[in-house]
Amino acid sequence: MTQPPDQPPQGGFGAPQDQPPPAGGFGAPQQPPAQGGFGAPPPLPPQPPYGSPVPPQQPHPGYGYPQQPGPYAQPGPYGPQPGYGYPQQPPYPGGPVTTPPPGSGAGGGGPFRGRPALVVAAAVAGLLVVGGTVYAVTGGGGGGKKPVARQSDDPKASGTPVNPGDGSGNGGKDPENLNTGRKPGEAKVLWYKSAPDAPANGADAPGMWITGKTAVKAAYKQVFAYNVGNGNPTWAPITFPQKICAVTAHKSADDKVVVAYMNGTSDQAKCNQLQEIDLNTGNKGWTATVADGGLFDSALSIALTISGKTLMVGRSESGTAYDLGSGDKLYDKKKYGTACFPTAFAGGTDRLIEVASCDAGGSDEHDEISQLDPATGRVEWTQPVKKGWQVQRTYSVDPLVVYMTNEDKKAWNISTLDGKGTFRSEVKVDEKFAPQCGWALLTRDLQGCQGVAADADTLYLPTDVSGGANEIVAISLADGRAKWRVKSPTDESMYPVKAEGGKLVAYVRPSYDAGGQVVSVPTAGASHETTRLLQNPQHTADIEDSFYDGAVDWVDGRFYVSSTRLTGSDQAKEKLMMAFGN
């Protein structure tokens, strides 16, 4: 992190940097890890954030944002701000792990099985730069012990039948009974679903939305819905004429989502067809076609963001807002100032965050962060970022926590902004963190990370040990320092799922001789030990671990895991989704 101007180096969470940290305030970006960890965002092309750039640092392996040792004095992304600014973390070592792009052949493994990100080759990087972002790809499955399912020889094991794939367009029934061999104390496999057929080069399976009664999953050209308790279909699958290319990461307060699909199959096909869906009934609401924004601002790739009752559709250089209830267009967000183009959006319950790229390629090239009124698009505040820094991810929207990188300095930074856009604090922990972050092509996916959580005053990040037991560090949003940390209860990695009710819920990956676990950790008080909420069966550990870059959720005492990418392989029947419970 960066140090305040003329102030001595501050200790804290960030790993020491090889060079003096920026003298900026809380937002001084830290150097991105050479290899991304579970949550460390991949390095992107240099974009000026709020302050002066941080000195280049050596990449650190592993989860997070390790800072490199060294003097503290370089300016941070937001510019000098009293009280803020700690040593910045080393170059791209602690950035989020980025999942490989479709068809890359990389990846594999189960939920949160990220590997250090690799800088994309020059040719690919060139393409990414055109989209305003530089990406990293994760390596193959590896890292840690590969779970191997074993039939239990415990005669008391439960044989409760499991509801398999139902044949409604999802690969047909699966003969396995996944509760055979379940040991006493282990959770049940409530149900599981086989994946639909996918092309040989694979297909996306984005999104997973859980309501009070329905678990909904998109895969390739379809959206499926299952009863949360028994897995029976709650409504017939919705099938689109072309592949699904974008979805809203979160549902609305009244359980609505929007799905985008391609308008054709050619190289010129666009991701511009929108369909609203009611998750509880399967009713298809309004539809719309997203218009291009300009010569270099087409709808080839878009990002969908829900904020309150507004849907924001982001292109590479602009955005269009729709009324989520009616589909009526509300407003456009276009170029402003001399040369500022909106490039990404992030939404919360009643907050809409915009990131703009200004004077690209010019002498005043930098990013700007703004908060918008979701209903009108009115700008409530704008905070420029120093030249050289680029905003890559939002680890939380409310409170606003952003992850930034500086390509030239090989640095990264995690900063918190308050409700008025003022730089509040930056992470000062000497650690490598590793949230799991998805791949984006032509648009910045600000909300594409899981394995990170936040509440009103604390950020929870997993450390990276490349496949073994790790820790979750609770970081104060007031000063960026570690409040406490808790170690994984097993020899496998543990990742935050959500913070709620005064507790942090986390997922522990399966191991060779045990299924995964869902645990809780008290967020207040003196003790922060894990309490097991669910122990998944050892017999299905290999299946649990096989979900490609799996999405996970914990709702009403049930644990859900689903694939986000289908391999299209005919060699084995892929699972699309599983649910566990007591």
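Spatially, region 221-259 and region 313-339 are offset by 24 Å when compared through their Cα centroids. A simple rule links phi to the HN-Hα coupling: the Karplus curve 6.51 cos²θ - 1.76 cosθ + 1.60 with θ = phi - 60°, which for region 476-486 gives 5, 7, 7, 9, x, 9, 6, 8, 6, 9, 9 Hz, with x for Gly and Pro.
As a proxy for reagent exposure, ranking Asp328, Asp297 by other Cβ atoms within 10 Å from fewest up yields Asp328, Asp297.
Rounded is the label for region 379-445, because the ratio a/c of its alpha-carbon gyration tensor axes (a ≥ b ≥ c) stays below 1.5.
Averaging Cα coordinates gives a centre for region 534-550 and one for region 404-445; these two points are 30 Å apart. Panel values: region 484-582, Kirkwood radius from alpha carbon pairs, Stokes-Einstein at 10 °C and 1.306 mPa s, translational diffusion coefficient 111 µm²/s. Remark: region 228-233, residue by residue, has Karplus-estimated 3J(HN,Hα) of 4, x, 10, x, 5, x Hz, where x stands for each Gly or Pro and the curve is 6.51 cos²θ - 1.76 cosθ + 1.60 at θ = phi - 60°.
Any chance you could run the full-extension gain for Thr531 through Asp254? It's 0.36 nm times the residue separation minus the Cα-Cα distance, nm to one decimal. Stretched fully, the Thr531-Asp254 segment lengthens by 96.5 nm. Remark on Lys270: its backbone amide H falls under 5 Å from those of Asn263, Gly264, a criterion applied only to residues 5 or more positions apart or on other chains, H modelled at 1.01 Å from N.
Across all directions, the shadow cast by the convex hull of region 275-354 built on its C-alpha atoms averages 5.6 square nanometres. For Arg565, the residues whose modelled amide H falls within less than 5 Å of its own, excluding neighbours fewer than 5 places apart on the same chain, are Ala205, Tyr548. Here the Karplus curve 6.51 cos²θ - 1.76 cosθ + 1.60, taken at θ = phi - 60°, turns the phi angles of region 487-497 into couplings of 8, 4, x, 10, 8, 10, 6, 10, 9, x, 10 Hz, with x standing for Gly and Pro. The ranking of Phe433, Phe240, Phe224 from fewest to most other beta carbons within 10 Å of each one's beta carbon is Phe240, Phe224, Phe433. Taking other C-beta atoms within 10 Å as the exposure proxy, Cys271, Cys358, Cys437 rank Cys358, Cys271, Cys437 from fewest upward. Along its first, second and third principal axes, ordered by size, region 333-466 spans 44, 35, 28 Å in Cα coordinates. For a paramagnetic label modelled at 7 Å from the Cα of Glu380 toward its Cβ, which residues of region 448-482 fall within the zone defined by backbone nitrogen distances under 18 Å? Answer for this model: 455-457.
Of the two radii for region 457-529, the radius of gyration is 0.97 times the Kirkwood radius, both from the alpha carbons; that is the Rg over Rh value.
Bear in mind that the values in this text are calculations on the coordinates, not laboratory data. Small disclaimer: the values here were computed from a predicted structure and weren't measured. FYI the Cβ positions are ideal-geometry reconstructions off the backbone, even for glycines, and counts take in every protein chain you see.
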